[in-house]
Structure formats: C-alpha cells, structure tokens
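Heads up, the thing below is written out as structure tokens.
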Amino acid sequence: MHLEAAARLVRLANGSPVLGELIGPFSLAGRIFGVSESLELSAAEPELLEELLKKTTGFELEYARAFKQQGVHGVILAEPAAGLPVESLGTAPYLPAVTEPLEIPARQIGLSIAPNANGYFPPNIAGFVGADHVAMLLAAREVTSSSTVLAIDIGTNTEVSLFHAGQHYCCSCASGPAFEGAHIHQGMRAAPGAIERVRLESDRVWVQTVGNAPAVGICGSGVLDAVAELRRQERIDSRGVFTSSSEKARRAFILVPAGQSGNRADIVLTRKDINEIQLAKGAIRSGIDILLETAGIPADRVDQIIIAGAFGTYLNLESALRIGMFPALPLQRFTQVGNAAGAGACLLLASASARQSAREIASKAHYVELTTYAGYVDHFSRALSL
C-alpha cells in the first residue's frame, strides 16, 4: 500500500483555509442561520465539491483511481457531502445526523475522480467533534491508552479530549479562525512575508517572516507571539488594553514600520487583534478546564498534552503558556505532533482493524456540550484574561 501517496490526501495544496467564509462565523454564542443551506449547496454542486476536494488534497488523480477514496472530515463538511441533513447542526445541542461510519459509492455523492470507489466516512463522536478528531486520536492511541493525557487539535473548531483512569472525555471549542490569520487586521496565511515570530527587547521589535521575505502581514503564530510579548513587557494588561498612551491613542502597536515592510505600510497589531486572540485562547482554555472539572482532577495530574493541527505545529508553546492558553505545566509535558488527523487517515485507508478502532474510540467517548454546561460562562470569562 502506497502510504506516502495516501499521506498526500491530507496535505493542503495552497495553505488557504477551506470555506473559511462559511466556517469562520461559527461561535458558541450563536450559529449563523442559513449556513447549512450554503453547505448543502456546495454538496449539491458536484463541480464545486470536486474542486474543494482537489484544493484540500495533494494527491494526483491516478492515486485516487488506484485506491479507495479515504476522507477525514469535520462534521459540517461531511454531512452535506454524504447527502445527510444538517439543520440540527445549526441549533443547540448541535447534534450530527449520524455518528456511525458510512460507506457510500463515490458516484452517489457526485465525485467523478474515482467513480468505482467507495467513499468512507469515519465515525463522528458528537456535536462538532467529528471524524477528524477521531483520526487524530487513532494516530495517538498508544500514548492515550496508558496515562492521563490531553489531546488538543487546534483549528477554527478546536477539539479537546482528556483521557484519565480509563475514561475519555471530549468537547468542541469554537476558537474561530484568528489562529489562521482570519479576523486579524493584517492577518494572512503562513506565506512568504508573513510575520511568524515576534520578540520584544526593550523598545526594539524583532520579527521573523516566512521565507525571510519583507513583512507584508502576520500569520497566527506571529499574532500569538506578539500578544504574549506585549503582555510579558506589560505593554498590555490582563484585559488586552494597551498601557502606553501613544498606543492607546492609535489602538495599535507597530511591529514593522512602513519603511521596512514589503508593502510600504506599517504592519501593526491592533486592539481588536488582541481581543480576537483572547476569544480564541479563551475558548480553548475554558474547554480544557471544563473537561478537567468533569473528570474531577487538577491540571497538574495531566502527564502529557498533545498538540495537533496545522497551527499547533508552529505555535510557540512558551507564548501560548504565557497568555494562559494551556494549563501552566512544564514544557516537557507538551508534544507537538503536526497533522495527526492526516496520519490517522492513512491508517484508516490501509487497515480494516484501524477502522474498527476508530469506531471504538468514537463510541466510548463521553461528550461534554459546552453550550449547556452550567459553569461555562464563568470558565470562559476567566479564560479571557491574559
């Protein structure tokens, strides 16, 4: 089995967020009515769906014809693709139409690239904890089976699982697209010219850009670094408010002046950008804290924290800890594993026993719905603090 070819199934062709304009508005505070109709339209148009598949995978057509098509999906994209109703995903408690794995002929869902293959949809857990998280847990199952572990897959929708004393607790956190550069004033994906690292030394600002190109914007890891550094130097307070009168007046901090940038404009971090990071990290941290509370254990009982996802690969853990995104644990307890969902997809493609393991992972999980959790508002409010 060509696992290298299978791995290419899950590589982004251009690094852009997929359907970001549709996924971005989702939050725990409220779901956009009508987004289900937009997603159903994308699934009803075979050409659009096929183009989406091509853009989000790096495999070539001959591989798709040679092997069974394998997908790892988020619930909001998978259900309309499988022809299932999605209305229940737009209202609390956000229940998917099915949680069991599905196998559907590719031609039935309008995919012409492999008309004689079957499309395999791995199992969901519940709510917005979909098969992408199941695949990530499948890839990490040797680690999660023997100790107290937090597994966090960071994205527009961040899934968190806690394994403790033979139990599996999980939740979905609406962290939003800020870590992908969306909703940030000069945000961009991690392309050449994107600021990806920031350090402040007295009044000097040091930045590193992707490809060492002149700065033209800032990606998620750079925004996180900038906020953490401003907080370290007390140039913002715990509320994210600038402490300097000049920065208060302009409501922004200059990272790269216009004369040194690649687009002849100041590259700045605005007060609104800081607030977006607060909301994103607050969503993740409150989800973590609620799972720990549900399991009845303090954070220091966690032996290991696994960080997955594209953003999770590149974030600076020290910066994340400085702003309180994760519990204050020693760095050696954290492991960044990259695209674990993609690794899980390869296992699902190659092995029937892996597909059975995925079913078991999903069926044994105890899902915690944050929107109906009694203490969620208090947890989230506390988690906003920097």
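List, in order, the whole-Hz ³J(HN,Hα) value for each residue of region 241-247 obtained from phi through the Karplus relation with A = 6.51, B = -1.76, C = 1.60 and θ = phi - 60°; use x for Gly and Pro.
Running phi through 6.51 cos²θ - 1.76 cosθ + 1.60 with θ = phi - 60° gives 8, 5, 9, 7, 5, 5, 6 Hz.
Enumerate the calculated ³J(HN,Hα) couplings along region 345-360 in order (Karplus 6.51 cos²θ - 1.76 cosθ + 1.60, θ = phi - 60°), each rounded to whole Hz, writing x wherever the residue is Gly or Pro.
The phi angles translate into 4, 5, 5, 5, 5, 8, 9, 5, 5, 5, 5, 5, 4, 4, 4, 5 Hz.
For region 335-341, what does the Karplus curve 6.51 cos²θ - 1.76 cosθ + 1.60, with θ = phi - 60°, yield as ³J(HN,Hα) per residue in whole Hz, taken in order and with x for Gly and Pro?
9, 9, 10, x, 7, 5, 4
Kirkwood Rh, region 295-386, all Cα pairs: how many Å?
Kirkwood radius, region 295-386: 16.0 Å.
Which cross-chain or sequence-distant (5 or more) residues have an amide H under 5 Å from the amide H of VAL256, H modelled 1.01 Å from N in plane?
Sorted by chain and number, the residues that satisfy this are ILE267.
Note down the nm distance, to one decimal, between modelled labels 7 Å out along Cα→Cβ at ALA352 and at SER147.
Roughly 3.5 nm, to one decimal.
Which distance in Å, rounded to a whole number, links the C-alpha centroids of region 209-224 and region 227-292?
Each part's Cα centre sits 15 Å from the other's.
Enumerate the amide H contacts of PHE121 below 5 Å, restricted to partners 5 or more residues apart or on another chain; note that Pro and chain-start residues carry no placed amide H.
Residues meeting the criterion, in which the H sits 1.01 Å from N, are LEU102, GLU103, ILE104.
In terms of modelled amide H atoms, which long-range or inter-chain residues lie less than 5 Å from the amide H of PHE334?
Excluding prolines and chain starts, which carry no amide H, the hits are ILE305.
The numbers here are math on the coordinates, done by the rules we state, and not lab data. This is a predicted model, so every value here is computed, not measured. FYI the Cβ positions are ideal-geometry reconstructions off the backbone, even for glycines, and counts take in every protein chain you see.
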